[in-house]
Amino acid sequence: MNRYDINSLNEQQKEALFQTEGVVLVTAGAGSGKTRLLTHRICYLLEKGVSPFNILAITFTNKATNEMKERVLQMCGKHLWISTFHSMCVRILREKIDLLDGFDKNFTIIAEADRDRILKDILKKYNLDEDERPRVIAHLENIKNKGLDITEYFCELKKIEKNKMYKFYEDICYDYEEYLHKNNALDFDDLLNRTLELFLTNKKVLQEYAQRFEYILVDEFQDTNLVQYKLIKLLSSVHKNLFVVGDEDQCIYSWRGANFQNIFNLQKDFKDVKTFKLERNYRSTKNILTLANNVIQNNNERMKKSLWTEKDAGDGPVVYNAFDERDEALFVSKTIEELVSEGYSYSDFAVLMRINALSRNVEEGLLAYQIPYKIYGGFKFYERAEIKNVLAYLSIFVNPKDEISLLKIINFPRRGIGEIAIKNLQEEANDKQVLEYLLSDKFKFSKYFSKLSKFVETYKSLSAQMNTLSVSDFVSKVLKEFGILNEFVGRDEESINRMGNIDSLLLSVEEYEKDAENPSLGEYLAQIMLKSDSDEIQENGFVSVATIHAVKGLEFKVVFILGLEEGIFPLARASFSVSEMEEERRLMYVAITRAEEKIFLIHASKRYMYGKSNFQKESRFLGELNIVDKKKPKIFGINTKQASESENFESGFEVGDKVFHMRFGFGQIVNISDDGFVADIKFENTGTKSLMLNLANLEKVEEDE
DNA sequence: AAGGTTAATGTTTAG
DNA sequence: CATTAACCTT
């Protein structure tokens with residue numbers, strides 16, 4: 001499957017592959033084998049004698065990076081520079097950021113939560129209301145996504161509209177930048193922007209990289225923002241061998257600055273761009289592709305293209321009108337169970353939704369049916385409280401200027417340093433960073449000395465050992481000597497959970513150490529900040545429950561799309577904007593094209609959300625799919641004919657009956673609902689479950705004593 | 001400074 | 001409903 005074999009490519013793919021020189025744009029529909037093309041092209045270049053050192057491949061997610069690395073290694077046994085934009089920039093900055101005034105290579109990468117906290121403090125300084133923050137963030141993101149100058153940006157805005165807040169926003173943006181600078185810290189956007197700045201201000205550095213990368217390949221080009229586009233342009237300025245693959249129909253990150261117009265800009269900025277179109281789909285059945293084509297043709301902002309396949313028609317889509325969210329979950333669970341009994345594996349399933357909030361209901365259903373699942377999207381590893389604290393401890397060793405981290409842990413474990421103490425310490429430190437002050441002789445005369453002397457001593461002693469110990473040994477020592485571990489010890493479930501998180505942190509350090517060429521704590525911290533829980537999506541033996549954003553680039557045999565209701569998918573706010581509605585539609589297109597064999601489209605008539613039960617209108621997208629041959633679901637949730645007629649059900653079971661269930665094993669009925677449908681059954685090994693007697697496959701067990 | 005109680009508030013989210 | 005920030009009490 002992953003062997004290098006150019007003949008396994010189709011004609012269009014081959015043409016694109018052989019066009020190694022110059023700027024090449026491949027518009028590749030979903031499932032048209034673009035990863036295959038990319039990996040083959042890399043191997044082809046290597047075979048032609050290009051050194052792996054001179055190739056750069058950029059992907060959108062860590063998962064795609066890992067996969068491509070693995071495939072290239074498998075196919076041609078070579079390691080090369082394959083990474084996401086962000087990790088590429090980290091790598092460049094860790095080598096060269098010294099050239100930017102005030103920064104050094106031990107910079108801290110700060111998360112969004114940190115940014116929010118910093119902005120909160122700044123807003124307070126200006127006596128501005130908390131709810132100004134989203135507006136400031138919007139401006140800040142706008143500036144950073146486009147790589148603009150703060151002053152110029154607001155200048156332009158003021159020309160269009162008079163708003164006296166702009167002056168404040170401008171000052172706040174500058175304060176924020178200054179704060180990060182003082183802390184030797186970069187946020188995610190800065191990683192890209194500072195690299196761009198580096199290239200623009202240091203021609204020699206740019207030259208070094210542009211000279212090196214003879215061939216550059218970029219995947220998911222439609223989701224690049226302007227800064228990323230500029231970076232690519234600069235990096236390919238010497239050799240001008242740029243190969244980009246994209247599909248404007250799959251641009252689903254424009255709310256974050258992604259601009260699929262970059263596809264068209266490319267044709268303007270480089271003359272003589274060779275373009276190729278891949279429309280043959282290798283992933284899905286005809287029926288599924290028809291749905292995808294039908295829905296996306298409602299968008300105007302796109303180039304016309306239409307996917308086709310030589311695969312069979314396959315199963316038609318199943319539309320299920322669930323009674324409510326519980327019914328939806330039940331339908332999903334039962335369908336999965338049925339299909340598993342037919343031979344599907346759990347990892348063949350994706351349960352997709354527009355918003356994370358829907359995952360909880362499905363979770364309950366899957367849990368009840370004992371279907372192994374993993375939820376992706378939402379939470380990041382470093383966002384867990386314990387992890388955050390430990391990482392903050394580590395960070396102040398790597399980057400002593402990192403006051404954001406210091407303040408996070410200065411009172412953890414408790415040292416009697418509260419808000420006021422912190423303020424005083426900052427004052428005492430004068431214009432120094434607090435940690436620098438704590439380490440100075442002057443601090444001995446502070447009234448906080450007694451409270452913090454042990455902390456300072458431990459810091460000094462560990463700091464001296466940092467370079468002699470391995471990264472993992474150092475981390476263990478930090479955990480122990482600052483008394484962090486003691487904080488997490490306990491017998492309750494929460495403590496056990498926390499310890500588990502700490503364990504997985506240690507494990508990730510060890511894993512990093514094993515793979516890294518030159519392991520260092522600084523590099524470890526940088527890469528952990530770029531990790532997300534979606535990196536390991538589609539794990540063997542588990543159903544993937546995820547947002548559509550999280551499954552970009554993946555494929556599943558069976559796909560469920562939940563919550564196909566107006567207000568959820570498409571989101572309510574999209575109704576006011578044509579471009580946002582088109583993005584929702586692209587999202588729908590992405591969701592459908594994940595499916596290889598079967599697709600289930602579900603909308604509930606009633607949905608409980610945010611503490612309220614609402615009647616839901618079915619999504620406009622369902623209509624746009626133009627389903628001719630409506631297939632009735634074979635399986636129902638609770639919304640069966642019997643159930644909706646609300647007659648009583650005669651199951652033949654009674655309270656006290658011993659029963660056997662295929663999955664849950666032996667159990668005893670402890671209660672049956674008045675209408676006879678639902679039985680609470682206490683299973684020997686798996687606890688009490690509520691099952692529908694008309695549907696659950698229960699056997700009566702006779703007692704033989 | 002810590003812990004408990006009340007009130008507010010619900011776009012998506014990679015790196 | 002469930003989470004989280006803000007507030008209040010000790």
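The values are calculated or read from the model by the stated rules, or taken from the named source; none is laboratory data. It should be emphasised that the depicted structure is a prediction, and the values quoted were computed from it without experimental measurement. Quick reminder, even Gly has a Cβ in these numbers, built from the backbone with ideal geometry, and neighbours come from all protein chains shown.
Overview of values
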{"read-out": "The stretch A:601-638, residues that are within 16 Å of DNA strand B (Cβ to nearest atom), in a loop (DSSP other than H, G, I, E, B) and not hydroxyl-bearing (Ser, Thr, Tyr)", "value": "A:Gly611, A:Gln616"}
{"read-out": "Within the stretch A:8-99, helices (runs of 4 or more DSSP H) holding 1 or more residues that are of a type in the set (Lys, Arg) and crowded, with 18+ Cβ neighbours inside 10 Å", "value": "A:34-47, A:62-76, A:85-96"}
{"read-out": "Whichever residue in the stretch A:565-621 is among the aliphatic types (A, V, I, L, M) and in contact with a Phe, Trp or Tyr (Cβ under 6 Å, 6 or more places away or on another chain) and, among such residues, is nearest to DNA strand C (Cβ to nearest atom)", "value": "A:Ile602"}
{"read-out": "Residue check, A:Arg91 under 24 Å from the mean Cα position of the chain (by Cα), within 13 Å of DNA strand B (Cβ to nearest atom) and not acidic (Asp, Glu)", "value": "yes"}
{"read-out": "Counted residues, the stretch A:126-146 - those being farther than 20 Å from A:Arg194 by Cα, within 15 Å of DNA strand C (Cβ to nearest atom) and in a helix (DSSP H, G or I)", "value": "6"}
{"read-out": "Filtered residues of the stretch A:107-123 (kept if farther than 25 Å from A:Leu56 by Cβ, away from DNA strand B (no atom under 14 Å from the Cβ) and crowded, with 17+ Cβ neighbours inside 10 Å)", "value": "A:Thr108, A:Ile118, A:Leu119, A:Ile122, A:Leu123"}
{"read-out": "Within the stretch A:530-546, considering residues that are modelled with pLDDT of 90 or more, more than 16 Å from DNA strand C (Cβ to nearest atom) and crowded, with 22+ Cβ neighbours inside 10 Å, the one farthest from A:Met88 (Cα to Cα)", "value": "A:Val543"}
{"read-out": "Test result for A:Glu597, part of a strand (DSSP E or B) and closer than 20 Å to A:Asn294 by Cα", "value": "yes"}
{"read-out": "Which numbered condition A:Thr27 fails, given (1) among the hydroxyl-bearing types (Ser, Thr, Tyr); (2) over 23 Å from the mean Cα position of the chain (by Cα); (3) within 16 Å of DNA strand B (Cβ to nearest atom)", "value": "(3)"}
{"read-out": "Conditions (1) more than 28 Å from A:Met529 (Cβ to Cβ); (2) within 16 Å of DNA strand B (Cβ to nearest atom); (3) exposed (fewer than 13 other Cβ atoms within 10 Å of the Cβ); number of the one not met by A:Ile160", "value": "(2)"}
{"read-out": "Failed criterion for A:Phe474 (all others in (1) at pLDDT below 95; (2) of a type outside the set (Ser, Thr, Tyr); (3) within 24 Å of A:Leu407 (Cβ to Cβ) hold)", "value": "(1)"}
{"read-out": "Identity of the residue in the stretch A:375-418, modelled with pLDDT under 85 and assigned to a helix (DSSP H, G or I), that ends up farthest from the chain's Cα centre (by Cα)", "value": "A:Glu386"}
{"read-out": "Some residue of the stretch A:578-593 being touching a His at 6+ places or on another chain (Cβ under 6 Å), within 22 Å of A:Asn356 (Cβ to Cβ) and away from DNA strand B (no atom under 16 Å from the Cβ)", "value": "no"}
{"read-out": "Which numbered condition A:Ser83 misses (of (1) free of Cβ contacts under 8 Å to residues at least 40 places away in the same chain; (2) closer than 24 Å to A:Leu191 by Cβ; (3) away from DNA strand B (no atom under 16 Å from the Cβ))", "value": "(3)"}
{"read-out": "Selection status of A:Asp121, closer than 19 Å to A:Leu180 by Cα, part of a helix (DSSP H, G or I) and either within 16 Å of DNA strand C (Cβ to nearest atom) or out of contact with any Phe, Trp or Tyr (no Cβ under 8 Å at 6 or more places or on another chain) (or both)", "value": "yes"}
{"read-out": "Verdict on A:Phe264 being in a strand (DSSP E or B), over 25 Å from the mean Cα position of the chain (by Cα) and of a type outside the set (Ser, Thr, Tyr)", "value": "no"}
